[in-house]
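Below is a structure I'd like to ask you about.
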Amino acid sequence: MFSTMQDVPLTVTRILRHGATVHGTSTVTTWTEDGPVVRTFAEVAARSAQLAHALRDELGIREGDVVATLMWNNTEHQEAYLAVPSMGAVLHTLNLRLPAQQLAYIVNHAADRVIVVDGSVLPLLAAVLPQLADTLEHLVVSGPYDPALLAGFAGGVHEYEALIADRPTDFPWRDDLDERAAAAICYTSGTTGDPKGVVYSHRSVYLHCMQVNAADSFGLTGQDTVLPVVPMFHVNAWGIPHAAFMSGANLLMPDRFLQPKPLAEMIDRIRPTVSAAVPTIWNGLLDELDAGGHDATSLRMVVIGGSACPPALMKGFEERHGIRVVHAWGMTETSPLGTFATPPAGLTAEQEWPYRVTQGRFPASVEARLTGPSGERMPHDGVSAGELEVRGPWIAGAYFAGAGRDPERPADKFSEDGWLRTGDVGTITADGFLTLTDRAKDVIKSGGEWISSVELENQLMAHPEVAEAAVVAVPDEKWGERPLATVVLRPGATAGLRELRAFLAERVASWQLPERWAIVEAVPKTSVGKFDKKVIRADYAAERLEVTLLGKE
Ligand code: ADP
């Protein structure tokens, strides 16, 4: 028996129409040098229509064509987010912190026909223009820029405002799109290898947005103002831009002002209720708030994900500033919402902590299983560790292999029965809480035992004089691999390495204690602000680190 229900496609077009009308008075605020610039959702939707007209009528963009953005989080980027998928084209968000070579690679791989680029980042694009294939026909530049940068570009160059001006403010948006059609492409940031493309469908974006808005996740409503510090090129800012149009939450866009001081200022002034970013950003903001002078009490929730959140960071926000920090896990391949750490009911604040420091629970739409080293299913008992595999309507089932090619399903990334192999290693409790111990590639394999680099980092970062700590595996003659601890001390710190080792010795098993230690100026970071362990391992191998050996006393 079939249902009697309507079969209505779940599309970005629906999200755009809903936000533009029902939530037409909600606002998108972009932080600029000259103060905040505010536009209503209705105005943003009208400008999206003008952009769609320009793309179709002037630049010849048709259904299925790829339109890229190389932009900060701002109103114009939001306009592209709405216009491009709703006209049936495909939005490709380019990561403006990628190394030049990778940037050129993904523009060519996705066959971008147009790039909408912020004038402030045009130098990055100009530098790679000679390497771009002739599939790229037009650049649309938003904001002031230096035209000399584009002297060698044979394609069309357009100024964003001039291009959209005087065009109709409504557009025949596609209501009949196949919900399984491509809406957006995002490449992984290549922390552990070459970038790989994930193509989101209208349906996956829509369903994922509903999860972002669910009470057990971000829980966005029209009463919220949300500050996506996470860039719109990092897994679609975790779904927030579209989810806001669905729920009517105001958006506060930080543009390129991602340093602790302007962030603290915009929070103080615009009073967002929810925000999201990777731990490194929150580390800097916490220091800024600790220094005093800014009020951040409007924030009801700050979501941290992208790397393991050190418990000391969560507690710092909560205990010193009354801001609740929620830990979440995800990846480009999972749209990204995979887990969210809401503790069970009936616990005291103290009893909640062991749940809150985990990566959290899976929503109903994300199924999870753990696979052991020989492919066996591991029990969800909170102890047995394995590689996390997931399945669900917003989880990738393959990688994009380029236009016209069949998608790729490499065996190390997708199981035979179609689950995504995340490359993350951890445990799951009977009631569904995930604890990641490491990325498979970062686990330290010492004499047949596994040491979690994340556990050592979290313990070290709980020391009051440690600003950051990154632990990597290095080759060891006797044990195969041993941990190397690299530590960034806070200004004025007096602790020496011996003291740090003694501090760690009270908290982890003695066989896990690193012998190799190095004090560094800064931990190298990837294009999305994660610890770049590839670089640390290479620095160690090339003897660029000053390593101190500390044995058992
Ligand atoms: P990349 O793989 O290029 O770093 P992603 O942003 O897709 O780009 O990274 C996803 C990975 O980030 C996950 O597989 C996991 O290893 C890590 N990660 C994300 N969130 C968390 C978290 N809360 N705790 C630990 N690791 C996390």
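What is the log10 of I(q)/I(0) for the chain, computed with the Debye formula using one identical point scatterer on each Cα and no solvent, at q = 0.05 Å⁻¹?
Here log10 of I(q) over I(0) equals -0.20.
Also, quick follow-up: Taking θ as phi - 60°, what are the ³J(HN,Hα) couplings along the range 252-262 by the Karplus curve (6.51, -1.76, 1.60), each to the nearest whole Hz, with x for Gly and Pro?
Calculated HN-Hα couplings, in order: 10, 9, x, 6, 8, 8, 9, 7, x, 5, x Hz.
Sticking with this one: In a shell of Cβ-Cβ distance under 13 Å around Leu258, excluding Leu258 itself, what net charge do Lys and Arg (+1) and Asp and Glu (-1) give? Don't jump to the answer; show the numbers that get you there.
On the way: positive: Arg97, Arg256, Lys261, Lys525; negative: Asp255, Glu265, Glu288.
Net charge in that neighbourhood comes out at +1.
On to the next question. Based on the mean of other Cβ atoms within 10 Å per residue, sort peptides 510-520, 473-483 so the most packed one is first.
Packing proxy ranking, top to bottom: 510-520, 473-483.
Here's a follow-up. Where the only charges are on Cβ atoms (+1 Lys, Arg; -1 Asp, Glu), what is the dipole of the range 366-441 about its Cα centre, to the nearest 20 debye?
Its charge dipole is roughly 220 debye.
Kindly express, to the nearest 10 degrees and within the range 0 to 90, the angle between helix 75-86's C-alpha long axis and the longest C-alpha principal axis of the chain.
Taking the Cα atoms of the chain, the angle to 75-86 is about 70 degrees.
So which trypsin sites (Lys or Arg not before Pro) in the range 326-422 are both in a DSSP loop and have at most 11 other Cβ atoms within 10 Å of their Cβ? Display every interim value, and only then the final one.
On the way: sites: Arg356, Arg361, Arg369, Arg377, Arg391, Arg405, Lys413, Arg421; in loops: Arg405, Lys413.
Loop-located and lightly packed - Arg405.
While we're on this one: Run through the range 119-217 and list the trypsin sites (Lys or Arg not before Pro) located in a DSSP loop whose Cβ has at most 12 other Cβ atoms within 10 Å.
Arg180
Now, a different point. Once both axes come from the Cα atoms, what is the angle between helix 202-213 and the longest principal axis of the chain, in degrees from 0 to 90, rounded to 10?
60 degrees
Could I ask something else about it? Among His158, His242, which comes first, second and so on when ranked by fewest other beta-carbon atoms within 10 Å?
The most exposed by this proxy come first: His158, His242.
Here's something else I'd like to know. Would you mind giving the average projected area, over all directions, of the Cα convex hull of the range 366-441 in nm² with one decimal?
Its Cα hull, projected and averaged over all orientations, spans 5.6 nm².
Still on this model: Report the local net charge at Met461: Lys and Arg +1, Asp and Glu -1, summed over other residues whose C-beta lies under 12 Å from its C-beta. Please report the intermediate quantities before stating the final value.
On the way: positive: Lys315, Arg490, Arg507; negative: Glu455, Glu457, Glu465, Glu468.
Within the 12 Å Cβ shell, the charges total -1.
Follow-up. In deg cm²/dmol, rounded to 500, what helix-only [θ] at 222 nm does the chain give when every DSSP H run of at least 4 residues adds -39500 (n - 2.57) and the total is split over its residues?
-8000 deg cm²/dmol
Report for the chain the percent antiparallel among DSSP-assigned beta bridges with both residues inside it, nearest 5.
Around 60 percent of the beta bridges assigned by DSSP in the chain are antiparallel ones.
Let me ask something else about it. Considering only Thr4, Val229, Leu263, whose Cα is most displaced toward the positive end of the charge dipole of the chain, charges sitting on Cβ of Lys, Arg (+1) and Asp, Glu (-1)?
Thr4
Among Ile281, Ile15, which comes first, second and so on when ranked by fewest other beta-carbon atoms within 10 Å? Each step should come with its number before you reach the end.
On the way: Ile281 20, Ile15 25.
If I rank by nearby Cβ atoms, fewest first, I get Ile281, Ile15.
Taking the mean number of other Cβ atoms within 10 Å as a proxy for protection, how do you rank 221-231, 538-548, 445-455 from highest to lowest?
221-231, 445-455, 538-548
Using only Cα atoms and rounding to the nearest 10 degrees, what angle (0 to 90) does helix 12-21 make with the longest principal axis of the chain?
Approximately 70 degrees, to the nearest 10.
A follow-up question, please. Along the charge dipole of the chain, pointing to its positive end and built from +1/-1 on Cβ of Lys, Arg, Asp and Glu, which listed residue (Val141, Val198, Ala396) has its Cα farthest out?
Farthest towards the positive pole: Ala396.
Using only the alpha-carbon atoms, what does the range 442-549 span along each of its principal axes? Please give whole angstrom values in decreasing order.
So the three principal-axis extents are 39, 34, 24 Å.
I'd like the GluC sites (Glu not before Pro) in the range 5-64 restricted to DSSP loop residues with at most 16 other Cβ atoms within 10 Å, sorted by number. If you can, show how the numbers build up before the last one.
Numbers: sites: Glu33, Glu43, Glu58, Glu63; in loops: Glu33, Glu63.
Loop-located and lightly packed - Glu33, Glu63.
Can you give the Rg to Rh ratio for the range 1-204, taking only C-alpha atoms and Rh from Kirkwood?
Reported Rg/Rh (Cα atoms, Kirkwood Rh): 0.98.
Could you give the semi-axes, largest first, of the ellipsoid that matches the range 428-482, computed as the square roots of 5 times the alpha carbon gyration tensor eigenvalues and rounded to whole Å?
Details: eigenvalues 91, 74, 13 Å².
Result for the range 428-482: semi-axes of 21, 19, 8 Å.
Another question, then. Return the Cα extents of the range 1-69 along principal axes one, two and three, sorted largest first, each rounded to a whole Å.
Here the spans come out as 61, 31, 17 Å, largest first.
Let's see if you can work this out: charge +1 on each Lys and Arg Cβ, -1 on each Asp and Glu Cβ, no other charges. What is the dipole magnitude of the chain about its Cα centre, in debye to the nearest 20? Can you show the working numbers first?
Values: 47 positive and 69 negative charges, 100 e Å.
Dipole magnitude for the chain comes out near 480 debye.
Using the crude model of +1 on Lys and Arg Cβ and -1 on Asp and Glu Cβ, and no other charge, please compute the dipole size for the range 315-438 relative to its Cα centre, in debye to 20.
Values: 12 positive and 18 negative charges, 66 e Å.
Around 320 debye, computed over the range 315-438.
None of the figures in this text is laboratory data; all of them are computed from the coordinates on show. Computed from a predicted model, the values in this text were never measured in an experiment. Virtual Cβ from ideal backbone geometry, glycine too; neighbours counted across all protein chains shown.
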